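Scroll down for the structure; my scribbles are underneath it.
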Amino acid sequence: MTVESVVTDPGHLAPRITLSLDDYERLSALVTTAMVSVPELAEILGGELARAHVLSAGRCPQDVVTMNCEVLFRDDRTGRIQSMRLVYPREADISNNRLSVLTPVGAALIGVRVGESITWETPTGEIRQLTVLSVKDPRLSRTTRLEMCRARRSTAKQRIGCWPAISSFGT
């Protein structure tokens, strides 16, 4: 049994997953390439992609597990909490908490929102449930987040500053 077959089992409802267009396109290419060397794992990831809600270009959810994010999750059966960075296979290094998306756990986590759980099956046939506790995107450093906030405020001020000029046209 694979993640896909667990997901379609009515007794194991999976949350809707969300992917950025960039992640979806890169992961689709990975699935195609991996079909040659690791078809079973490629099918698991492909099953996740098939049920994904893909956002338009430029949109990236902040509360969703995405590629290269750091995800804190709990194994609901054992209570064990782990922090991993979800990466492409060539960057994977489990000893440094870098989890490949081309593993059953990595494929199960991609696209899941904070607070939601995903049920999956281990290679030994054991059913597990993981709950995403938090997501941190390293590409958005504190400085970048502050710059984004300032840019939004600046744009809002410019819009507000235009209102008096626009309203005076009618007088």
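Which ones in the range 1-22 are of a type outside the set (A, V, I, L, M, F, W, C), open to solvent by less than 50 Å² (accessible area, probe 1.4 Å) and modelled with pLDDT under 50?
The initial filter retains those residues of the range 1-22 that are of a type outside the set (A, V, I, L, M, F, W, C), namely 2, 4-5, 8-12, 15-16, 18, 20, 22.
Filter once more, so that each one left must be open to solvent by less than 50 Å² (accessible area, probe 1.4 Å): 2, 5, 15, 18, 20.
Hits for the range 1-22 are Thr2, Ser5.
Check Gly58, Gly79 and return the single one that is of a type in the set (Gly, Ala, Ser), open to solvent by 70 Å² or more (accessible area, probe 1.4 Å) and over 16 Å from Ala108 (Cβ atoms). Step through it out loud before you land on a result.
Numbers: Gly79 fails: open to solvent by 70 Å² or more (accessible area, probe 1.4 Å).
Exactly one residue qualifies, and that residue is Gly58.
Please determine, by comparing only the residues of the range 23-38 that are within 15 Å of the chain's Cα centre (by Cα) and open to solvent by 90 Å² or more (accessible area, probe 1.4 Å), which one is farthest from Gly106 (Cα to Cα). Explain how you work it out, then say what you get.
As a first pass, look at the range 23-38 and keep what is within 15 Å of the chain's Cα centre (by Cα): 23-28.
Checking the rest, the ones that are also open to solvent by 90 Å² or more (accessible area, probe 1.4 Å) come to 25-26.
Working: Glu25: 17, Arg26: 15 Å.
The residue in question is Glu25.
Looking only at the range 122-142, which residues are surrounded by fewer than 21 Cβ atoms within 10 Å (Cβ to Cβ) and touching a Ser or Thr at 6+ places or on another chain (Cβ under 7 Å)?
Ile127, Arg128, Gln129, Thr131, Asp137 - these are the residues of the range 122-142 that are surrounded by fewer than 21 Cβ atoms within 10 Å (Cβ to Cβ) and touching a Ser or Thr at 6+ places or on another chain (Cβ under 7 Å).
Applying the selection to the range 11-38, what residues are polar (S, T, N, Q) and assigned to a helix (DSSP H, G or I)?
Within the range 11-38, the subset polar (S, T, N, Q) is 18, 20, 28, 32-33, 37.
Of everything in the range 11-38, those that are polar (S, T, N, Q) and assigned to a helix (DSSP H, G or I) turn out to be Ser28, Thr32, Thr33, Ser37.
Go through the range 52-78 and count every residue that is modelled with pLDDT under 90 and among the basic types (Lys, Arg). Please lay out each step first, then the result.
Residues of the range 52-78 that are modelled with pLDDT under 90, as a first pass: 56-62.
Those left that are additionally among the basic types (Lys, Arg): 59.
Of the residues in the range 52-78, 1 are modelled with pLDDT under 90 and among the basic types (Lys, Arg).
Given the criterion open to solvent by 40 Å² or more (accessible area, probe 1.4 Å), assigned to a helix (DSSP H, G or I) and under 18 Å from Trp120 (Cβ atoms), identify the matching residue among Leu49, Leu41.
Details: Leu49 fails: open to solvent by 40 Å² or more (accessible area, probe 1.4 Å).
It is Leu41.
Is one or more of the residues making up the range 99-110 in contact with a helix residue (DSSP H, G or I) (Cβ under 9 Å, 6 or more places away or on another chain), of a type outside the set (A, V, I, L, M, F, W, C) and modelled with pLDDT of 95 or more?
yes
Can you run down the residue pairs with Cβ atoms below 6 Å, 6 or more apart or on separate chains, where the first is in the range 78-99 and touching a residue at least 40 places away in the same chain (Cβ under 8 Å) and the partner is open to solvent by 50 Å² or more (accessible area, probe 1.4 Å) and basic (Lys, Arg)?
From the range 78-99, the pairs are Ile81/Arg74; Arg85/Arg98.
The values are calculated or read from the model by the stated rules, or taken from the named source; none is laboratory data. Source: prediction; values computed, not measured. Reconstructed Cβ throughout: ideal geometry from the backbone, glycine too, with neighbour counts over all protein chains shown. Please note that ligands, DNA and RNA were not included when accessible areas were found on the heavy atoms of the full protein model with its side chains. Shrake-Rupley method; radii C 1.70, N 1.55, O 1.52, S 1.80 Å.
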